[in-house]
Each structure stands twice: as structure tokens, then as C-alpha cells.
Amino acid sequence: MSASSERQDNASNEPSIVVAKENNALVIHGLDEAASRLGLHIGLPLANARAMWPDIRVFDADVVADARTLDDIADWCDRFTPLVALDPPHGLFLDITGCAHLFGGEAALLQVLVRALARQGFAVSAAIAGTSVCARTLTRHASGTIVADGAEAEAIGALPVSMLDADEAITTGLRRAGLKTIGDVASREPHEITARFGARFSTLLRHALGQGDAPINPRKPLPDYIVEKRFAEPIATDTMIAMTLSRLADTLVTSMEKQGKGARRLEASFFRTDGAVRSIMVETGRPVTKSAIIDRLFRERLDALADPLDPGFGFDMVRLSASRTEIVVQEQRDLDSHVHDNDELAALIDRIAARIGGKRVVMHLPQDTHIPERAVLAVSAQHHLAAATQVEWPARTESEPPLRPLRLFERPEPIKVPFATVPDGPPHQFTWRRALHAVVRVEGPERIAMEWWRQDGKALTRDYFRVEDAEGLRFWIFRDGLYEGEVFDDEGKPMSPGWYVHGLFA
Amino acid sequence: MSARGSALAALRGQIERIETSDAAHHHDRVALGHSGADSALKGGIARAAIHEVFCEGRYGTAATGFVTGLAGRVSARRPLLWVRQDFSEREAGALSMSGLAELGLDPRRLVMVRAADAEAALRTTADALACDALGAVVLEFWGETRQFDLVASRKLTLAAQASGATGLLLRMAANPSPSTAETRWLLRAAHSPPGALWSAWGAPSFDAELVRNRHGPVGRWIMEWKCDECQFSEPSAYPQPVAAAPAHRPHQAGFVGEQRKAG
């Protein structure tokens, strides 16, 4: 099935056109019915149009807004089938295989779709056929056509070749060859067409004639499980929405349970009566098999939305889909509290992630490097809970005071050092954040060479010192570069290297 | 007037009874390892309660170390949730897992929550405290905040009492305000022990003042954190003089280790 639509924003009935720049000239990009009755057509230069009708209303094209609108319409079309594909600039393909009976048959579905879009002020042309190319060709001709299986060639035979939407050059070529209708082209031998116009066109032609079909490219992957609820009377209250979601969760869980699956990613879509669709997604760390958990996750997510769900005049459909599922391994529930704790922790992490975002709940993995700021990698706790709880951390040196600071600055902060013992000594005092610290105790240096094998630009050796000031504050400071060996000014003379605070010890 | 006063007194008594009965329910305490503090705390720091640690901005890391120590003591190998604000990380630096491991805690047990603002942080903490799988929940705040009032504090306390998890509030650069916390500490950094051997250099030590204790006296102690034993202790006092200037100290050779063991 294919539908193409154009919005007609025309309060009065004045003919209007939309223009866009093409090859350095403004040409007509779109036009309304009144304008087309005047003899204007898409592709005509604006200058010509103005010459013909000086007082025509002209608007600038907004391609981005057009694409967004098409996307919104596609969202709305999700209510008919999960397989919706874009056919830019203003077409949509809907794969309604096995869906039509839910709406009372193909004709009824077509009618519902066309009427709903027409009510919104779109000019719609829709058709149903066995192949997507055939359906698209038919929408170019007339709206509302339904072609039975096998009757494609007959249905489009009389239509002009330009409706196939092939390249401009091919269409012109076909016309020059005297092949005016699709039927004319189809009557030639396929190898003649291929030899003259290329294999791509001959494939397009075969698809249009119903011989073989190219799959459409849906916008979203097909979810593993979908449950939905439609309302004759739109719902708008939070209570009703929550109740609907928990009922849908029950149904979803029941159908997943039959196949031993649990959901890792869930999406709730709310279809508003005015056509707007809002989708909300939650992810979980391990497969969810309980509807109460799904319910709670969505409640957390809905509570924390920055722009709350706006029911407008109400939702007439709510859909819950599990877009990622996994087979659930049933664990033995024994008296081991460890299993219980891990489950509880995973559930807590899921809830917090649903509320404030999955990237904000992290665990840590050690990395094989000496560079302090790269020694630890923060990973999402939802996805790496098992890995992060089982990874081996390097053991600390027994009976040593801490060698690494408890707090580390993401970016080392520069400090002012009036003088230090050269070449490799520590400073005697330094100024950090406008406060002067007199160094009382020092431990170091600990030299950390940068990883020259993966350097991007400069690679200065750092000498780290652990120092304690008169107040008992402990700092981890370093000199960025060897003294008179690594840092040079523009003229190549050695400069004194900079000092930084990288972290603080307890 | 007096009738109203007596009614108030009766209500207060009722509340007191409710609270103490709850507290008595989970009166399990964990010894810190520092005898003075443990006796003031009647055996140690209480689980299933809220403890507050305040400090001035520059002592932030010392306070972090103290809270880490408390969390290590009370969580007893159970998971630890650390909630912090984005702002706190910019101001005081990020909690480093290598540093945490150096203090003797296990980074595998720590889940970090990076909350954008105080409200999200508080909400997350309340959620987490209701989860009985956690050993401790740390909430790290930088600066004064309006959100953390008596109501919020009571919510946290009730959640902690119900689940048995311990809440630790690290309030850097903030002044104490009324709360329902079991204990409140004021933290400052402490020097390394005078004349220490190299082994005692930079051992985390805290000047901890207990300014509020609901079930006992207050006090002020110098505590040291033993990274190997994972507990607090009295500061080690070494009679030996300060070692020589460190700059040209030979690299950790065998004999240094010998000397340490002797010390």
C-alpha cells in the first residue's frame, strides 16, 4: 500500500505555490489545486509562473519541515501496521499484509486512512496493490484504487510512463521511442528494455507489473511482541493511562511467558486523537518477566519526563511493544541471599536508570594503562552489572599508604610553583585555587611516561609527587614534562615545565 | 495553656516511643575500631540509620575518606550505592576507583549514580535506601541546599529503618541544619603522625568531631584509617625522628621493607 500526501495550508482559495532553489533558479516545488488549474506544474520556473499570473501567492519551501511532517504522518500510520517505510519526498509505504482484517478489510482501512488524513488538511492519494512499486504508480493516477493479486499489469497498463517515477532521462527516452504508456513498455521484450534503459529500470518495471517484489525498508525494526489497546472514547487522565499500561503489561508478559522470553527494551506509544504520537522507552539490565516491574519502570519514567505526556484531547490508542527480548534462564531459588541481592540490585538500577537515564548509573572497569585518568572506565551499570562485579582489580600493595588519590580531577588543575628543586625535585610551596600551600612532607617522584605508541601529538613525561601541606591536606601534584628536556618555546629554547594538581588524598 | 502544653508533651512522648521502638529493632552496631569513638557511640556506628558528615570545602577529600571508611565498615561486603551531584564532581574532583581500592574497599561493589541536581539525588537516595540488598547509600552534596530539609531527612531515616541499609550524607562546604540523623560529624584533615616512619606517611588520618549523637555523648578524636584491616584506629605515634629528605631516597629496596616490619 502506498500513500502520498501534501498539506494544503490555504485559508482563502487563492492559488498558491511553494518555490525552492534548483540549479540557481527558483522553481515550483509544490502547488495547490487552484494553482494547478491555472496550468502551473511542478518544475516550472517562478519567473514563468509570475509572468503568467502576477498576483499568485508564493511561499518558500522548507524541506526540513516537510520531512518532519512526513515523519509525523509515518508515526501516526504506525497504528495500522508496524511496517511503515518512508518514500521521500512525500510518500509512505505501509506493509499491511495480515493487518487489513483488523480494520474491516482493505477498502475500509483505505477509507479510514484517507479520511483521517484529509481531515487534517492533507491532500491524500492512496492505493493498495500486491507490490509497493505498483501501488505507488497507482497513487500518481487516482486515489482509492485497490488491485487484486495478479491484476497489476492490467491496472497500470494504460497509465503514462512518467508515473513509474523513473529517471527523467529514461522517461524522456521512452517517450521518444514512442512508448507512451506502461503497457507499451511492457509489451516489448525485457532484454530490449534492459539493453536500452539499464537493468534497474527493467527491475522497476517488473515490480510495477507485479512480477516479483522489492521489500520495503521500514523505519523501525519489527518489535518482537506488540500489544495494544484502542479506545472508542479517548482517554486523558493519568489514572486511566496507568491502568491501561499495567493491563497491557499483563498481556505482554503472558505472551512472552509462553515462549520463555523476557523483555530487555520496552516501548510505550501513545497515539493522540489529533495524530501526534509520543513514544517512551525503558531499558532493563536483565530480562523482565513480571508485569509489576514493567509497570513500575514506566511509572518512574513517566514521572520523571522533562516534558510530560500531553494527552491533548485524549489518546485513542496505547501500544506496548517489546523491541528486544531474551530467553530467560530460570534460576534456582534457594536460600542463598546472594542471588536475591543481585536481583534486587539489578531492579534498583533499572528503576534509577528509568528515572534519570541509563548513562547516569555507572559501574567501573579497570583498564590496562598507567595513565591515571584512563585507568578506570565508567560503564553503564544496567548493561555491565555482571562484568563489573566479577572483574579483577589490581591488588593494592599491602602495608603502604594509598598510592592513588581518592578524588581525581577530570582535568588536572594548574598550580603556581615559584621554585622547585631542580632537576627532579618537588616544589616547596605552591598556589592552588588562590590559596598558598606550604609543602611539609613529600613522597616521590613517581615517573609516569605517556604511552608513546598511541599518542596524539604531545607526549610529556610526568613526575608525580604526593605532598602534604602544613594543614594536613594531601595533594597529588605533577610536573608536566622533564626539566629542560621536553618543553620548548617557539624558538626552541627549553622552558620550565608546568605544574598541576591531579588529585587529592584523604 | 497548660493543658495544651501537657498534650504536646504527651504527643512528644508518643513520638519518642515510636522512634525508639523502631531504633531498638535494629540496634546492631558496627565498631569503627577507634576505642574512644566506639565507647561514645555505645559500641559503634548504628546500621539502619542516617549519619551526616559535614566539612569545609577544603577538607572535602578528608571527609570523603571518612565517609568511605564508614561505608566500608557498615556495608560488610554488600553493594554500595554512591549518589553525587554533577556540581560536586566539578568542585571537589571525581571519586577515583583506584583511590577507593587503595583505601581497602572493593570497587566492584560500588554503583555510582550521577544525579544532575539535588532533587534527583535525594529522590534516588530515598529509593535506594528502601532497597534491602544495599549495605550503604552515600549521598554527596556540595554547598548549601534548600532541598535537604527536615522532611527529606525524616523520609530517608524511615526508609533506612525499614530496609536496614545505612545512609551516609557527605555534605561538603555546608553548615549543619536540623535533621533526624543518628550522628553528625564535623571533619577536618589531620597531619600525618609526627616523626612517623615512611610507612606511616600519608596514611589517611582524620580530625573527626562528633557534634551530635542521639544516644550518647559527643567528642573529638584523631582517627587513622587502616587500609589493610579496613578499619579506623588510634593514630600511630612513632618515637623515631623524621626520615631524611625524600627527594633522593633510594627506590623501594628490600631493606626498606625490613625496616618497616621492624617498625
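The values are calculated or read from the model by the stated rules, or taken from the named source; none is laboratory data. Keep in mind it's a predicted model, so treat the numbers as computed, not measured. Virtual Cβ from ideal backbone geometry, glycine too; neighbours counted across all protein chains shown. Ligands, DNA and RNA are excluded from the accessible area calculation, which covers all protein heavy atoms including side chains. Shrake-Rupley method; radii C 1.70, N 1.55, O 1.52, S 1.80 Å.
From other protein chains only, count the Cβ atoms within 10 Å of every residue's Cβ in A:419-431, then give the mean. Before the final figure, lay out the partial values.
Numbers: counts 0, 0, 3, 0, 0, 2, 4, 3, 0, 0, 0, 0, 0.
Counting Cβ atoms of other protein chains within 10 Å of each residue's Cβ and averaging gives 1.
Hey, could you grab the Kirkwood Rh for the stretch A:237-392? Inverse mean 1/r over distinct alpha carbon pairs, Å, one decimal.
Numbers: mean 1/r = 0.0580 Å⁻¹.
Roughly 17.3 Å, rounded to one decimal.
Please give the net charge around A:Val64, taking every other residue with its beta carbon less than 14 angstrom from that of A:Val64, where Lys and Arg add +1 and Asp and Glu add -1. Intermediate results must be reported in sequence, preceding the final value.
Working: positive: A:Arg68; negative: A:Asp60, A:Asp62, A:Asp66, A:Asp71, A:Asp72.
After counting each charged neighbour, the total is -4.
Rg to Rh ratio, the stretch B:84-137, alpha-carbon atoms and Kirkwood radius?
Ratio value, two decimals: 0.99.
Given a 1.4 Å probe and every protein chain left where it sits, what share in percent of the accessible area of the protein assembly as shown is carbon and sulfur? It would help to have the intermediate numbers written out before the result.
Numbers: 20070 of 37870 Å².
Of all accessible area on the protein assembly as shown, carbon and sulfur atoms account for 53 percent.
Along the principal axes of its C-alpha atoms, what lengths does the stretch A:407-505 span, in descending order and rounded to whole Å?
39, 27, 23
Work out which residues of the stretch B:78-116 lose at minimum 50 square angstrom of accessible surface when the other protein chains are put back, relative to the chain isolated, with a 1.4 angstrom probe, and list them by number.
Buried by the other chains: B:Met97, B:Ser98, B:Glu102, B:Arg108, B:Val111, B:Met112, B:Arg114.
Which value results when the Cα radius of gyration for the stretch A:34-117 is divided by 2.2 N^0.38 Å? Don't skip to the answer; put the middle values down first.
On the way: Rg = 17.8 Å, N = 84, 2.2 N^0.38 = 11.8 Å.
Normalised Rg, Cα atoms only: 1.50.
For A:Lys180, give me every one of the aspartates and glutamates with a C-alpha distance below 20 angstrom, ignoring sequence neighbours fewer than eight places off in its own chain.
A:Glu152, A:Glu154, A:Asp165, A:Asp167, A:Glu168, A:Glu189, A:Glu192
Lys/Arg Cβ at +1, Asp/Glu Cβ at -1, dipole of the stretch A:224-319 taken about the Cα centre: which of A:Phe231, A:Gln259, A:Val288 is farthest positive-ward?
My answer, from the dipole projection, is A:Gln259.
Give the B-A buried accessible area in Å², both sides summed, 1.4 Å probe, nearest 100. All intermediate terms of the calculation are to be shown ahead of the outcome.
Values: alone 13810 and 29390 Å², together 37870 Å².
Protein heavy atoms only, the B-A interface buries about 5300 Å².
If I take every Cα pair under 8 Å that is 6 or more residues apart in chain A, average their sequence separation and divide by the length, what percent do I get for the relative contact order?
Details: 861 pairs, mean separation 44.5, N = 506.
Taking the mean separation of contacting Cα pairs over the length of chain A, I get 9 percent.
How big is D for the stretch B:20-124, in µm² s⁻¹ as a whole number, if Stokes-Einstein is applied with the Kirkwood radius of its Cα pairs at 37 °C and 0.692 mPa s? Write out the running numbers ahead of the final one.
Values: Rh = 15.3 Å.
The diffusion coefficient I find is 215 µm²/s.
Taking the Cβ of B:Leu95 as the centre, find all other residues whose Cβ is under 10 Å away and add up their charges (Lys, Arg: +1; Asp, Glu: -1).
Details: positive: A:Arg407, B:Arg84; negative: B:Glu89, B:Glu140.
Around B:Leu95, the charge tally is 0.
Go through the stretch A:271-278 residue by residue and turn each phi into a ³J(HN,Hα) via Karplus (6.51, -1.76, 1.60, θ = phi - 60°); whole Hz please, and just put x for glycine and proline.
Rounded to whole hertz, the list is 9, 7, 4, 8, x, 6, 10, 10.
Quick check: net charge around A:Ala177, other residues with Cβ under 12 Å of its Cβ, Lys/Arg +1 and Asp/Glu -1? Kindly include the intermediate steps, with their values, before the conclusion.
Working: positive: A:Arg175, A:Arg176, A:Lys180, A:Arg188, A:Arg196; negative: A:Asp184, A:Glu192.
Once all neighbours under 12 Å are counted, the net charge is +3.
Using a 1.4 angstrom probe, figure out how much accessible area the protein assembly as shown has per residue, in square angstrom, rounded to the nearest whole. Numbers along the way, then the final one.
Numbers: 37870 Å² over 769 residues.
Using a 1.4 Å probe on heavy atoms only, each residue of the protein assembly as shown averages 49 Å².
Based on the mean of other beta carbon atoms within 10 Å per residue, what is the order of B:28-40, A:466-478, most packed first? Don't skip to the answer; put the middle values down first.
Details: B:28-40: 17.5, A:466-478: 22.5.
Top to bottom by mean Cβ count within 10 Å: A:466-478, B:28-40.
Regarding the stretch A:225-329, what is the average projected area of its C-alpha convex hull, in nm²? Kindly include the intermediate steps, with their values, before the conclusion.
Details: hull surface 25.1 nm².
Taking the Cα atoms of the stretch A:225-329, their convex hull projects to 6.3 nm² on average.
Find the centroid of the Cα atoms in the stretch A:92-157 and in the stretch A:404-472, then give the distance between the two in whole Å.
72 Å
Charges only on Cβ, +1 for Lys and Arg, -1 for Asp and Glu: so what's the dipole of the stretch A:407-505 about the Cα centre, in debye to the nearest 20?
Numbers: 14 positive and 17 negative charges, 73 e Å.
Approximately 340 debye in magnitude.
Can you tell me the Rg and Dmax of chain A, counting just the alpha carbons, in angstroms?
33.7, 98
Inside 10 Å of the C-beta atoms of A:381-389, what's the mean count of C-beta atoms belonging to other chains?
Details: counts 5, 0, 0, 0, 1, 0, 1, 5, 5.
The shielding value for this peptide is 2.
Kindly work out what percent of the DSSP beta bridges joining two residues of the protein assembly as shown are antiparallel, to the nearest 5.
On the way: 107 of 142 bridges.
If we restrict to bridges inside the protein assembly as shown, about 75 percent are antiparallel.
Arrange the peptides A:64-74, A:439-449 so that the one whose residues have, on average, the most other Cβ atoms within 10 Å appears first.
Numbers: A:64-74: 15.0, A:439-449: 16.9.
By packing density, highest mean first, the sequence is A:439-449, A:64-74.
Can you give me the long-range amide H partners of B:Ala181? Hydrogens built in the peptide plane at 1.01 Å from N, cutoff under 5 Å, separation of 5 or more residues or another chain.
Here nothing satisfies the definition.
Need one word for the stretch A:90-181: rounded, prolate or oblate. Basis is the Cα gyration tensor (sqrt eigenvalues a ≥ b ≥ c); a/c below 1.5 gives rounded, then a/b vs b/c decides. Can you show the working numbers first?
Numbers: a/c = 2.75, a/b = 1.77, b/c = 1.55.
Prolate, because a/c is 1.5 or more and a/b exceeds b/c.
Run the dipole for chain A about the Cα centre, Lys and Arg Cβ at +1, Asp and Glu Cβ at -1, nothing else charged, and hand back the magnitude in debye, nearest 20. Write down the numbers at each step before the final one.
Details: 58 positive and 72 negative charges, 96 e Å.
Result for chain A is approximately 460 debye, rounded to the nearest 20.
What lysines does A:Lys258 reach when the alpha-carbon gap must be under 22 Å and sequence neighbours fewer than 8 apart in one chain are set aside?
Hits, sequence-local ones excluded: A:Lys229, A:Lys290.
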